[in-house]
1. With everything on Cα atoms, drop me the angle between helix 163-182 and the longest principal axis of the chain, reported from 0 to 90° to the nearest 10.
2. Relative to the longest principal axis of the chain, what angle (0 to 90°, nearest 10) does the C-alpha long axis of helix 2-18 take?
3. On the protein heavy atoms, probe 1.4 angstrom, tell me the percent of accessible surface of region 37-129 carried by carbon and sulfur.
4. Springs between alpha-carbon atoms under 10 Å, Gaussian network over the chain: tell me which of GLU89, GLU50, GLU13 tops the mean-square fluctuations.
5. Report, to the nearest 10°, how far helix 93-102 tilts away from the longest principal axis of the Cα atoms in the chain, using its own Cα long axis and a range of 0 to 90°.
6. Want the number for SER30 to THR44: 0.36 nm per residue separation, take away the alpha-carbon distance, what's left?
7. Ignoring solvent entirely, what values of log10 I(q)/I(0) come out of the Debye formula for the chain at 0.11, 0.16 Å⁻¹ when each Cα is a single scatterer?
8. Once the whole set of protein chains is in place, how much accessible area is left on ARG91, using a 1.4 Å probe, in Å² to the nearest 10?
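The values are calculated or read from the model by the stated rules, or taken from the named source; none is laboratory data. All values derive from a computational prediction rather than experimental measurement. These area figures cover heavy atoms from the full protein model, side chains too; ligands, DNA and RNA do not enter into them. Shrake-Rupley method; radii C 1.70, N 1.55, O 1.52, S 1.80 Å.
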Amino acid sequence: MRTLIAIGIKVTEVAWVNILSVFAVAYLTSQLGMSQAFILDAVTLATLCELFIMPLTGWLSDRLGRRPIYLFGTIFGILFAFPLFWLLETRNPTLVLLAIVVGISICQGTVFALHASFMPELFGTKVRYSGISLGFQIGAAVGGGLTPLVAAAVVGWSGGATWPISVFLVVLGSITTLAVLSSRETSGKGIDS
């Protein structure tokens, strides 16, 4: 059960980073005609913002708990899944930059920052390494492995519409939400042996 929870808490984070750092670059340049250099600069700025977001969310998770902070990042991602593409499709550089920075630093960075503490705390010492590894790797494969390819295929299938990608992000966010709600709060508690 804990391995399924670990898989569930990973799928959203890796989907967001792959949508915004791989798919969005191709989509914004080839479909919307924006400058690749600008999009890559936006991704770079977003990762720079993560340098501040991640320690902050880690600190908050030590004080408020892993689950509330993880749920914040995940539910924010669910709510931002449609506005993300609305902002990208404006082609307005300021709004596109904002969408990429918010998507990567909040939707991905908030939850990724907690993996190093949340996942190990789910497992006892006898299965910790295997549990974390299976959860992390399977979750990454399911949530991110083919995500850019699937997103590109879906946009082609839908005649250029991006709503199916937003639905995909909402579904993965719902899986992560269920996984987090199925876990126990681990902050401030000793790690099981």
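1. Orientation of helix 163-182: about 10 degrees from the principal axis.
2. Computed tilt is about 20 degrees.
3. For region 37-129, the apolar C and S fraction of the accessible surface comes to 75 percent.
4. GLU89
5. Long axis of 93-102 versus the principal axis of the chain: about 10 degrees.
6. Values: separation 14, 0.36 × 14 = 5.04 nm, distance 1.95 nm.
Residue separation times 0.36 nm, minus the Cα-Cα distance, leaves 3.1 nm.
7. -0.48, -0.94
8. 120
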